[in-house]
Amino acid sequence: MKVKSYLMGQWLTGAGEGVPVQDAATLEVLGHVTSEGLPLKEAVAWGREVGGKALLAMGFQERGRRLRALAQYLSERKEELYRLYATTGGTRRDAWYDVDGGIGVLFTYSSLARTLPEGNLLPEEESLPLSKDFSFQGRHLLGPKGGITVQINAFNFPVWGLLEKFAPAFLAGVPTLAKPATPTAHVAEGLVRFMVESGLLPEGSLQFVAGSLGDALEALDHRDSVYFTGSKATADRLKRHPAFLERGVLFNAETDSLNAAILGEKAGEEEVERLAREIAQELSIKTGQRCTAIRRVLVPQGRLEALLEATRKHLEGLKLGDPREEGVDLGPLASLGQKEEVERAVEALLAAGARVYWHHPGRRDGAFFPPTLLLAEDPWAETLHQVEPFGPVASFFPYRDREEALRLARMGGGMLAATLATPDPEEARFYLLGLSGEVGRLHILNRFNAHSSTGHGSPLPRLLHGGPGRAGGGEELGGLLSVKRHLARLALQADPHTLQALTGEYARGAEKPASTHPFRKYYEELEVGETLWTHRRTVTEADIALFAHLSWDHFYAHTDEIAAQKSLFGKRVAHGYFVLSAAAGLFVDPAPGPVLANYGLEGLRFTEPVGIGDTLQARLTVKAKRPRDEKSGVVEWAVEVVNQEGKTVAAYTILTLVARKPTDALPLGQTHFGASS
């Protein structure tokens, strides 16, 4: 059997014998991987053209809904992915991290899509006036690059690794060409088959190549990107390709790093126990084959033995074996080649002055490698901080004070993640400042959060995954940060009407007088820029007194005539929240209608004091809108409250839920989310 590739809308088989893929536990040959003779260069152009157009025809909102539906589809087929996954040496728990973790990323990005506009442009910040009369304005926005992303994945996460790269690219509207690592390519193929069979992905939005990329990189240019996960050596070699040096292709690398765990000087017995448990978990999950796993442990000299023993106790009862057998806690490494790499790395560490403190007595045949704890009493040899055994191995180092611990941590040359076990905020601040340029994610572990912590080695979709230096310098995940990385940032300069039309958000100077009260309109009927000027209201002393009584806010500036004269304002002034409430009274249409409820308030500023006798008027403008579900949408309203002199006294954005038009009132063949299927 050969693992197939999915290119230009069809499953294809490469020529030649290919590289064998083995079951990690039994060493049975499962198939061969080859991409020889496949039209990879053509697939890049086809994906860019066909997939790019199909994705941009949807918009952020629809792509987010597709991701949710895809997550649900894959959730119903998890058991089949689990069975495939067992051939990689992973246990059921390991499969949960890979399969369920990957599906969870899809769910997360589908939720994030709800905060995005309906189209394909993502405005940033606010419009910047470039002329006094607002006729010329500028705004930063993110738009499509028009390219494709080539995603090169590592062997240790064939499901999560593919999905965590695919989700933000898909949401951004960028087609994907995914390349798995050879030892686990058969699992990735199974995943992609499900994704294609779901019918949820537009043609060209996902392609898959099992084997070498061949001449695919030759087809890339400044519109495209390569997202790589793997060894630093491979990343360094790839970066020298003309695609990156000459044609400006974005290269995002997430590479192996010697992640550190530090037991703080202020740590108590509970922190010692919690950190020991964390280290043991990092060595046992996926048999230590995670790029975020703890590789170096820095411990105060007097507590070294205690932490080593506590870690050993958590490891010694674990059972090694075929992950399909009941009661097995750890499987083998992913391949014989991977075992050989770990053995070479351990030998290098021993030659640099480390010694074996303890190793598990379990199996060593085939691709099995038992959990191992190394100890280096002299921690300063550079090799100890440069060589990574990508398996169940951790090295322990003593330190004399926190300055020394920081120096040792920095010797790793850049980390994806680090854990600091301390309950002390001052100690945490020291390491935060000292490591902020050394690590992509800092995990503080202590007695207060250990029961709820997701752990050292688990990247979360809403948080940055990546790190500086040896870790590759890339940025994956991070919520919308990773979506934005797939888009092009540009400065747009235009008149307010054009700016508003292009961004879908209100630009000052492009107001449209409301023909009827906007609260009488359904979500679909509201236009961005539609503006209502309200009638006026004069503030009285009774208003201030009654609001103070109602709210129990008797602050002196509102209620004490003598004290108020000595205040910043020189007189009694109305409560800021009275101004807010009075403005609502001015612009709210009280009769039942499409506006369902307040949803929030943002950016509130009180810019001028309001005194007794001042007259208020409000301006209500549709600022932006986005669908929420089939029944309602979220409408943002820009509110400006002015006084009798025309000065702005308050400005803010309110959000309301507005009903959508009944479906029987929509044009034939249409739904709220576009053409009916």
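For the range 75-144, list log₁₀ I(q)/I(0) at each q in 0.12 Å⁻¹, using the Debye formula over Cα point scatterers of equal strength and ignoring solvent, two decimals each. Per q value, in the given order, log10 I(q)/I(0) is -0.57.
Computed 3J(HN,Hα) for the range 129-138, one whole-Hz value per residue from the Karplus formula 6.51 cos²θ - 1.76 cosθ + 1.60 where θ = phi - 60°, is x, 10, 8, 5, 8, 6, 7, 9, 9, x, glycine and proline marked x. Amide H contacts for Glu36 (H built 1.01 Å from N in the peptide plane; partners 5 or more residues away or on another chain; cut-off under 5 Å): Ala15.
Taking every DSSP beta bridge that has both ends in the chain, the antiparallel portion is near 60%.
Solvent-accessible area per residue in the range 88-239 equals 31 Å², computed with a 1.4 angstrom probe and all protein chains kept. Its alpha carbons give the range 272-371 an Rg and a Dmax of 13.8, 42 Å.
Across all C-alpha atoms in the range 475-532, the radius of gyration and Dmax reach 16.1, 48 Å. Taking the Cα centre of the chain as origin and assigning +1 to Lys and Arg Cβ atoms and -1 to Asp and Glu Cβ atoms, the resulting dipole is close to 860 debye. Placing unit charges on the Cβ atoms of the charged side chains and taking the dipole of the range 174-282 about its Cα centre, the candidate lying farthest along the positive direction among Ala178, Leu201, Val249 is Val249.
Between the amide H of Phe396 and those of Val297, Leu374, Leu375, Ala376, distances stay under 5 Å, these residues lying 5 or more places away or on another chain, with hydrogens modeled in the peptide plane. A 1.4 Å probe run over the protein chains yields, for the range 587-640, 47 Å² of accessible area per residue, whole-number rounding. May I ask which residue of Ala45, Gly59, Gly31 lies farthest towards the positive end of the charge dipole of the range 27-67, with charges of +1 (Lys, Arg) and -1 (Asp, Glu) on Cβ and the Cα centre as origin? Positive-most Cα among the choices belongs to Gly59. All distinct Cα pairs of the chain go into the 1/r average, and the inverse of that average, the Kirkwood radius, is 28.4 Å. Rolling a 1.4 Å probe across the protein heavy atoms gives the range 244-344 an accessible surface of 36 Å² per residue. Determine the share of the range 341-447's accessible area contributed by carbon and sulfur atoms, expressed in whole percent, with a 1.4 angstrom probe. With neighbouring chains kept in place, the figure for the range 341-447 is 49 percent.
Sequentially through the range 173-186, phi angles give Karplus couplings (6.51, -1.76, 1.60; θ = phi - 60°) of x, 10, x, 10, 10, 9, 10, x, 6, 4, x, 10, 5, 5 Hz, Gly and Pro residues having no value and appearing as x. Which FRET efficiency, nearest 0.05, do Glu309 and Ser436 yield, Cβ-Cβ r, R0 41 Å? Using R0 = 41 Å, I get an efficiency of 0.80. For the chain, the residue among Ile294, His535, Leu336 whose Cα projects farthest onto the positive side of the dipole built from Cβ charges is His535. The alpha-carbon atoms of the range 394-485, seen along their principal axes, cover 43, 31, 26 angstrom, with the largest extent given first. Please report the base-10 log of the normalised intensity I(q)/I(0) for the range 1-141, using a Debye sum with one equal scatterer per alpha carbon and no solvent, at each q in 0.08, 0.17 (1/Å). Once normalised to I(0) and log-transformed, intensities are -0.41, -1.16. Surface composition of the range 1-79: carbon plus sulfur atoms contribute 50% of the solvent-accessible area (1.4 Å probe, protein chains only, all chains present). Expressed as a whole percent, the accessible surface of the range 496-589 that belongs to carbon and sulfur atoms is 58, based on a 1.4 Å probe. With θ taken as phi - 60° and the Karplus curve 6.51 cos²θ - 1.76 cosθ + 1.60 applied, the whole-hertz 3J(HN,Hα) list for the range 489-501 is 8, 9, 9, 9, 10, 6, 6, x, 5, 5, 4, 5, 5 Hz, x standing for glycine and proline. Amide H to amide H, with H built 1.01 Å from N, Met8 comes under 5 Å of no residue 5 or more places away or on another chain. Taking Cβ atoms as reference points and 11 Å as the exclusive limit, the residues near Lys512 contribute a net charge of -3, counting Lys and Arg as +1 and Asp and Glu as -1.
Summing Lys and Arg as +1 and Asp and Glu as -1 over all other residues whose Cβ lies under 12 Å from the Cβ of Leu38 gives a net charge of +1. Measure up Lys145/Lys623; Lys239/Lys319; Lys179/Lys631 against 32 Å on the Cα-Cα distance and list the ones that go over. Correct reply: Lys239/Lys319; Lys179/Lys631.
Given +1 at the Cβ of Lys and Arg, -1 at the Cβ of Asp and Glu and no other charges, the dipole of the range 21-84 around its Cα centre is 520 debye to the nearest 20.
Placing +1 on each Lys and Arg Cβ and -1 on each Asp and Glu Cβ, with no other charges, gives the range 184-293 a dipole about its Cα centre of roughly 220 debye. Distance distribution note for the range 494-625: the fraction of Cα pairs above 23 angstrom is 46%.
Spatially, the range 312-390 and the range 502-547 are offset by 67 Å when compared through their Cα centroids. Normalising the average separation of contacting C-alpha pairs (under 8 angstrom, six or more residues apart) by the number of residues puts the relative contact order of the range 185-260 at 29 percent.
For the chain, the longest principal axis of the alpha carbon atoms and the long axis of helix 541-551 meet at an angle near 30°.
Ranked by the mean number of other Cβ atoms within 10 Å of their residues, highest first, the peptides 30-42, 155-167, 391-403 fall in the order 155-167, 391-403, 30-42.
The values are calculated or read from the model by the stated rules, or taken from the named source; none is laboratory data. Quantities reported herein were computed from a predicted structural model and do not represent experimental measurements. Cβ coordinates were reconstructed from backbone atoms using ideal geometry, including for glycine residues, and neighbour counts include every protein chain displayed. For accessibility, only protein heavy atoms count, side chains too; no ligands or nucleic acids. Shrake-Rupley method; radii C 1.70, N 1.55, O 1.52, S 1.80 Å.
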